[in-house]
Amino acid sequence: MTSQMYNLEAIFTKFDTGRPNETILSANPFGSGHINDTFRVCTSENHFYILQRINHEIFTRPVEVMDNIFRVTQHLKQKITARGGDSTRETLTLFPTKDEGAWFVHVDGNYWRLYNFIHNTRSYEIGEDSGEFKQGQCHVREAAAAFARFQRDVADIPPPRLHETIPRFGDTSFRFEQFEEALKADVFHRAKDCSAEIEFALARRSDASKLTDMLTNGQIPERIAHYDSKINNVLFDITTGRGICVIDLDTVMPGLAIYDFGDAVRAATALAAEDERDLSRVGFSMEKFKLLTEGYLSEAKNFLSVMEIDHLAFAARMVSFTIGLRFLADHLAGDKYFKTQRENQNLDRCRTQFKTVADMEVHYDEMKAVIEEWRKK
Ligand SMILES: Nc1ncnc2c1ncn2[C@@H]1O[C@H](COP(=O)(O)OP(=O)(O)O)[C@@H](O)[C@H]1O
Ligand SMILES: [Mg+2]
């Protein structure tokens, strides 16, 4: 992706920044996100913006995605202002288009949005942060606290319900059905080479529907979840080291709050790369789990129900299991969804997830004890 691929100047002028005379001085690809095309724009009036093209191959309902983001950021701004925070730094700010929309659709079919650039911040890639304390702050803990604050702040957004932009996205039972279909079809005759993984998955069939059933029965409430709650989607203030702003709101939708906790655990506690072939290096860091739990519950314990807190450790297991199922199903179906650069890469990805699940099962009581400890503090 380069800035030459699009006429960024023409796209930028569609937005109303409140500075009618400014023009683009430079626009460069920014950050290391893998989904959208992100540019940092600097203008003649020395203002900076984030101009982003939405990847509508992945987000097939861009209008609904943008509508969710608009409503969520508006609501967050009210909350942040009410508690004396800085609503231009603690959430994203969308600039409207000149015809008062929240996004711009180019004739080529691409969807664009313009955010303010949040200065003096940085993000951390997954694995980049060691869990150490820097400037008195620990980034794993800070990121978890930022996601918890985000969930708490969006919890009372007024109706209507947000759009479910990717239906059944985090639903393990749905992913299990997809896995079973891929197994039954076994189009590429790959099942014979992954019997251990298939067995591992089938042995956990009853777990797969548990959280969905609890949601359907009303035992746990539907909330608004971020659904991509990884450390690289939090901006940290460079001066204070605090996790100040949750970004990448494309997947924000109704669902399970505890899924976000699980996804944060999956990303932050992994000891090796997602496709590591040497399984002896793969596992789960209890140390990081403790920091993450501390950060998350410091902000979420009064807002989550008893039942949700009781199922945080289970949700962590289920998220890794769900992602593992998706990799396995895709391997069986011929690598249609997750791109691969080498043979069996999706099977390797599945193996790291399942090894992590197995590791979490071994540490399950310990995980629950950590959650109990922070629930009481
Ligand atoms: N408003 C912003 N201010 C400063 N940096 C930003 C802002 N929005 C995004 N970024 C940077 O751009 C990167 C990619 O943005 P993100 O929305 O996460 O895209 P992707 O969906 O591709 O991951 C982020 O990791 C962050 O470093
Ligand atoms: Mg991102």
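From the set of residues in the stretch 104-123 that are farther than 26 Å from A146 by Cα and open to solvent by 60 Å² or more (accessible area, probe 1.4 Å), which is farthest from ligand 2 (Cβ to nearest atom)?
V107
Okay, residues lined up against (1) within 15 Å of D278 (Cα to Cα); (2) under 19 Å from the mean Cα position of the chain (by Cα); (3) open to solvent by 10 Å² or more (accessible area, probe 1.4 Å):
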residue	(1), (2), (3)
A315	no, yes, no
R326	no, yes, yes
G334	no, no, yes
T340	no, no, yes
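Pick from N21, N46: which is touching a residue at least 24 places away in the same chain (Cβ under 8 Å) and either part of a loop (DSSP other than H, G, I, E, B) or assigned by TED's automatic domain parsing to the domain that holds V234 (or both)?
N21
Test D310 against the criterion of being out of contact with any Lys or Arg (no Cβ under 8 Å at 6 or more places or on another chain), open to solvent by 10 Å² or more (accessible area, probe 1.4 Å) and either of a type in the set (F, W, Y) or under 14 Å from V265 (Cα atoms) (or both), and give yes or no.
No.
Which of the following residues is within 16 Å of ligand 2 (Cβ to nearest atom) and of a type in the set (F, W, Y): F70, F30, F48, F95?
Residue meeting the stated conditions: F30.
Any residue at all in the stretch 328-347 that's of a type in the set (K, R), assigned to a helix (DSSP H, G or I) and assigned by TED's automatic domain parsing to the domain that holds S229?
No: zero hits.
Given the criteria among the charged types (D, E, K, R), open to solvent by less than 30 Å² (accessible area, probe 1.4 Å), farther than 30 Å from T240 by Cα and more than 11 Å from ligand 1 (Cβ to nearest atom), does E22 qualify?
Spelling it out, E22 is indeed among the charged types (D, E, K, R), open to solvent by less than 30 Å² (accessible area, probe 1.4 Å), farther than 30 Å from T240 by Cα and more than 11 Å from ligand 1 (Cβ to nearest atom).
Scan the stretch 234-245 for residues that are open to solvent by 10 Å² or more (accessible area, probe 1.4 Å) and within 12 Å of ligand 1 (Cβ to nearest atom) and jot them down.
If the condition is that a residue be open to solvent by 10 Å² or more (accessible area, probe 1.4 Å) and within 12 Å of ligand 1 (Cβ to nearest atom), then L235, D237, I238, I244 are the ones that fit.
Does the stretch 43-61 hold any residues that are crowded, with 16+ Cβ neighbours inside 10 Å and touching a Ser or Thr at 6+ places or on another chain (Cβ under 9 Å), and which are they?
Listed by number, the residues that qualify are T43, Y49, I50, L51, Q52, R53, F59.
The rows are residues; the columns are (1) in contact with a Leu (Cβ under 8 Å, 6 or more places away or on another chain); (2) part of a loop (DSSP other than H, G, I, E, B); (3) in the same structural domain as D237 (by TED's automatic domain parsing); (4) near ligand 1 (Cβ under 10 Å from one of its atoms).
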| residue | (1), (2), (3), (4) |
| --- | --- |
| F59 | no, yes, no, yes |
| E64 | no, no, no, no |
| I69 | yes, no, no, no |
| L76 | no, no, no, no |
| T81 | no, no, no, no |
| S87 | yes, yes, no, no |
| E90 | yes, yes, no, no |
| G109 | no, yes, no, no |
| Y115 | yes, no, no, yes |
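Could you identify the single residue in D228, D275 that is open to solvent by 10 Å² or more (accessible area, probe 1.4 Å), under 22 Å from G33 (Cβ atoms) and more than 16 Å from ligand 1 (Cβ to nearest atom)?
Testing whether each residue is open to solvent by 10 Å² or more (accessible area, probe 1.4 Å), under 22 Å from G33 (Cβ atoms) and more than 16 Å from ligand 1 (Cβ to nearest atom) leaves just D275.
Taking the stretch 161-207, which residues are in contact with a strand residue (DSSP E or B) (Cβ under 8 Å, 6 or more places away or on another chain) and of a type outside the set (D, E, K, R)?
Selection gives L162, H163, T165, I166, F169, G170.
The values are calculated or read from the model by the stated rules, or taken from the named source; none is laboratory data. Computed from a prediction, not measured in an experiment: that's the story for all the values here. Virtual Cβ from ideal backbone geometry, glycine too; neighbours counted across all protein chains shown. Just so you know, the surface numbers come from the protein's heavy atoms only, side chains and all, with ligands and any DNA or RNA stripped out. Shrake-Rupley method; radii C 1.70, N 1.55, O 1.52, S 1.80 Å.
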